[in-house]
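Any read-out appearing in this document is the output of simple, stated calculations on the displayed coordinates, not a laboratory observation. Note that this is a predicted model, so its numbers are computed, not measured. Note that we place each Cβ from the backbone using ideal geometry, even for glycine, and neighbour counts take in every protein chain shown.
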Ligand SMILES: *Cc1c(COP(=O)(O)O)cnc(C)c1O
């Protein structure tokens, strides 16, 4: 099939750009002691996990037990749930999954540590545990330092758990536009992580893993000398929001290229300056802003509803007809992926593969 034959809305990957992104991130850690554990919440697809691992990634991160199950079923041997897993049924599924693969999880609560230990013993498995510390996001995580060490001591006494180290992920720093502000956020974050690691080591606790980082901050996380696992996710696809982050020169960063698009058709063109396309809220996520129309700078996707998107045109420059196709660059890649059942992997204008998004909707 060629591009023109694809029914819409469809989620496309530009394979050339995608492969360059994979290689660029693999190159960045190549000469360092930092390992790559990319985040599967971005792609939800074991085929993509395999591409990352062929280039040296040690495993995958997931955010949900359901995602971890999909990755393990798809052949991933090593998964960290970089999130808290709470509630009897989820914890039991996680402990059972550890029969099939190496499984890690983050904790920030004593009762959850006890419940996870009990489940692992019931299933005869052992889970790797990272203590999540709050490095400034004010979301999950115990305070860095003594609170983290105290929880680590409890984990260390559990026979079903293996203390692996700490997670120090700064989510809100990823999209800080200014290079210097982003750098300073990670500097503080790394100090907290290092202080906590020092306390672990003084108490004789294992802290071989310091995990964190995302696409927006990874250069600083690598340079810190504190982190040794990167959880980067979005770099494979990028999105309109990430492309707004600025580099040291004050210009938008272009280390990684947009490779994920929603292909849409013009379904109505009632007046000269307005076209309506068939990709709305059910085909793309707008939580980080509306999509942009790829390679048509004068067109603007200006409003969205369930099944429609309104595109403003400049009739003097743009000519478009009902049935024409446009590629949209989504505002936010991860939740956009979660709206689709498969990727159409494109090389140039031709379809090279259909990749199922098997963890789509794995919200538990
Ligand atoms: C989303 C997420 C990441 C990856 O972030 P990107 O900005 O997509 O690279 C890493 N770690 C955790 C815990 C996350 O939630």
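Listed from fewest to most Cβ neighbours within 10 Å, the set 90, 41 follows the order 90, 41. Highest average first, the peptides 312-320, 120-128, 169-177 ordered by how many other beta carbon atoms sit within 10 Å of their residues are 169-177, 120-128, 312-320. Each Cα pair under 8 Å and six or more residues apart adds its separation to the average, and for the stretch 106-251 the resulting relative contact order is 23 percent. Could you work out how far the C-alpha centroid of the stretch 211-266 sits from that of the stretch 278-349, in angstrom? Cα centroid to Cα centroid, the span is 21 Å.
May I ask what percent, to the nearest 5, of DSSP beta bridges between residues of the chain are antiparallel?
Numbers: 29 of 61 bridges.
That works out to approximately 50 percent antiparallel.
What separates the Cα centres of the stretch 103-117 and the stretch 59-79 is a distance of 18 Å. Here the stretch 70-180 yields Rg over Rh of 1.01, to two decimals, using C-alpha coordinates and the Kirkwood radius.
For a test of the definition: using alpha carbon positions, the gyration tensor, and the 1.5 limit on a/c, classify the stretch 245-340 as rounded, prolate or oblate.
Numbers: a/c = 2.27, a/b = 1.39, b/c = 1.63.
Oblate.
The chain gives an Rg/Rh value of 1.01, both radii derived from C-alpha positions and Rh following Kirkwood.
In deg cm²/dmol, rounded to 500, what helix-only [θ] at 222 nm does the chain give when every DSSP H run of at least 4 residues adds -39500 (n - 2.57) and the total is split over its residues?
-9000 deg cm²/dmol
Could you tell me whether the stretch 298-360 comes out rounded, prolate or oblate from its Cα gyration tensor? Rule is a ≥ b ≥ c as square roots of the eigenvalues, rounded for a/c under 1.5, then prolate if a/b exceeds b/c, otherwise oblate. Oblate is the answer for the stretch 298-360, as a/c is 1.5 or above yet b/c matches or exceeds a/b.
Report the relative contact order of the chain, percent, no decimals, based on alpha-carbon pairs under 8 angstrom and at least 6 residues apart. The partial results should precede the final answer.
Numbers: 836 pairs, mean separation 74.2, N = 364.
Computed over the chain, the figure is 20 percent.
What list do you get for 86, 344, 105 if you sort them by fewest beta carbons within 10 Å? Walk me through the numbers before you get to the answer.
On the way: 86 14, 344 20, 105 30.
Ascending number of Cβ neighbours within 10 Å: 86, 344, 105.
Overall, the anisotropy analysis places the stretch 1-139 in the prolate class: the square-rooted eigenvalues a ≥ b ≥ c of its C-alpha gyration tensor yield a/c not less than 1.5, with a/b exceeding b/c. Sorted fewest first by neighbouring Cβ atoms within 10 angstrom, 103, 222 come out as 222, 103.
Put the Cα centre of the stretch 170-195 next to the Cα centre of the stretch 29-58 and the gap is 22 Å.
Over its Cα atoms, what ratio of radius of gyration to 2.2 N^0.38 Å does the stretch 1-57 give?
Numbers: Rg = 14.1 Å, N = 57, 2.2 N^0.38 = 10.2 Å.
My calculation over the Cα atoms of the stretch 1-57 gives 1.38.
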